[in-house]
Amino acid sequence: MASERIVIIGGGVAGLALAQALADRGAGGRTTLIEAEEGLGQHSSGKNAAILRTAIPAPLTRRLALESAARLRSAHLRAPLLDEVGLCVACAGEPPWLAEHLEADEVYPVEGRELARLAPHWHPTKGTRVWYLPRQGRIDVAALIEYLAKGARAGGVELRLGEPVRALGRGRVTLAGGETLQADSIVLAAGAWVDTLARTRLLRVTRRHLLVTAPDPRVDPRWPVVWDDKAEFYARPESAGLLLSACDISDCEPDGLQSDPSVMALLARKVAASLPDYAEAGAAHFWPGLRALAPDDTPLIGPDPHREGLFWMAGLGGHGMSLSLSIGEVAADLLLDRAVDPLLAAGLAPGRFAHA
């Protein structure tokens, strides 16, 4: 039976994408979104690298990213959400995503002069081959959050900000202020806090750091995103400098997140190897972001296998922006008992980790 009253917990890209999709399907008037912060997209959604990358090894995550990418490029969007500066990926061997992208004519190899023309600042790891995906690039996260929120509100969804959740019960959500909301379906879309709310340990909560260098006149804002899978490093232009990541990963608690200064040394080594001309670039901004990882790098979207009325939309694993405009569609169809590819539904179902 389709859900009647729906409460979404989390005002990041996952919760908002679902809210908009429900609004599009006529269910906005019976949907409420609860966000603990005073603004939308304040945590993982607002502190990530804002990159569209569909070159993902996990098959279902890649499928969702490709579907989302097509929507990000859709002409009907009022504001452009994607800047197609391109993406260069350095890989050792043939990556599992290659055939699919070749078939769609969305990737081709680059080397020598062509690579130097595209990304003159970058030195990929020796022994790798570079693949160029010209229709990937940078997502305007602020515009995406605004687009989703506007669509949700227009369709009747109530967005309640500054409302932390104190407890969950069967068919009810109790807010920190004491108010209780009744719901037929409660959606866990709170990112790194989902396990805390659900009292489970299905996800691995981690942090990853990003750094933006001081402005540098040598940086061309039209350079593509460069990503070296072997070196575990990526970079793209940002704020007249470069946004950099050493792809570090460490377990953490979502509350009280702080940066780890030791990552600066790791990042400096990787910059010296991959972007040697920028090894002395000063840091303008350095911060950590949260990532909730599923064991198979595939999101958890679907009903909880043990608790009626509880629905998961979590474990985006750093792919949140790339999956943004597809995960809401899938989650909404599952909630409203609409047709969903059975293989996709089974592959995303939280019950695949029933042992946990």
Magnitude of the Cβ-charge dipole of the chain, K/R +1 and D/E -1, about the Cα centre, nearest 20 debye?
100 debye
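Can you work out the accessible area per residue across the range 1-59, with the rest of the protein chains kept in place, probe 1.4 Å, in square angstrom?
31 Å²
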Considering only protein heavy atoms and a 1.4 Å probe, what is the carbon-and-sulfur percentage of the accessible area of the chain?
51 percent
So, for the range 251-356, what is the accessible surface per residue at a probe of 1.4 Å, expressed in square angstrom?
45 Å²
Probe radius 1.4 Å, ligands and nucleic acids left out: which of Lys230, Lys47, Lys270 has the largest accessible area, and how do the rest follow?
Lys230, Lys47, Lys270
Considering the options Ala265, Ala339, Thr196, tell which one lies farthest towards the positive end of the dipole of the chain, charges being +1 on Lys and Arg and -1 on Asp and Glu at the Cβ, about the Cα centre.
Thr196
The range 83-178: C-alpha gyration tensor shape, a/c 1.5 cut-off, then a/b vs b/c:
prolate
Using alpha-carbon positions, what is the distance between the centroids of the range 192-239 and the range 151-187, in Å?
30 Å
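Compute, for the range 123-232, the length of the dipole vector about the Cα centre, with Cβ point charges of +1 (Lys, Arg) and -1 (Asp, Glu) only. Units Debye, rounded to 20.
The dipole of the range 123-232 has a size of about 340 debye.
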If you find the alpha carbon centre of the range 60-127 and of the range 300-346, how far apart are they in angstrom?
25 Å
Please find the FRET efficiency linking Ala214 to Ala273, where r is the Cβ-Cβ separation and R0 is fixed at 22 Å, and quote it to the nearest 0.05.
0.60
Of Pro254, Pro237, Pro96, which is the most mobile in a GNM of the chain whose springs link Cα atoms less than 10 angstrom apart?
Pro96
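Compute the signed sum of charges (Lys and Arg +1, Asp and Glu -1) over the other residues within less than 15 Å, Cβ to Cβ, of Ala339.
-2
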Taking a label point 7 Å from the Cα of Leu343 along Cα-to-Cβ, the residues of the range 319-336 whose backbone nitrogen sits under 17 Å from it are none
Using 1/(1 + (r/R0)^6) with R0 = 22 angstrom and r between the beta carbons of Asp296 and Lys230, what's the FRET efficiency to the nearest 0.05?
0.50
Ser322: accessible area at probe 1.4 Å, nearest 10 Å²?
10 Å²
Note on the chain: the mean projected area of its alpha-carbon convex hull, in nm², is 17.6 nm²
HN-Hα J in Hz across the range 191-201 - Karplus 6.51, -1.76, 1.60, θ = phi - 60°, x for Gly and Pro:
x, 5, 9, 4, 4, 4, 5, 7, 6, 10, 9
Quickly rank 206-217, 294-305 as a protection proxy: mean count of other C-beta atoms within 10 Å, highest first.
294-305, 206-217
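The values are calculated or read from the model by the stated rules, or taken from the named source; none is laboratory data. Source: prediction; values computed, not measured. Note that we place each Cβ from the backbone using ideal geometry, even for glycine, and neighbour counts take in every protein chain shown. Accessible surface areas use protein heavy atoms only, side chains included; no ligands, DNA or RNA. Shrake-Rupley method; radii C 1.70, N 1.55, O 1.52, S 1.80 Å.
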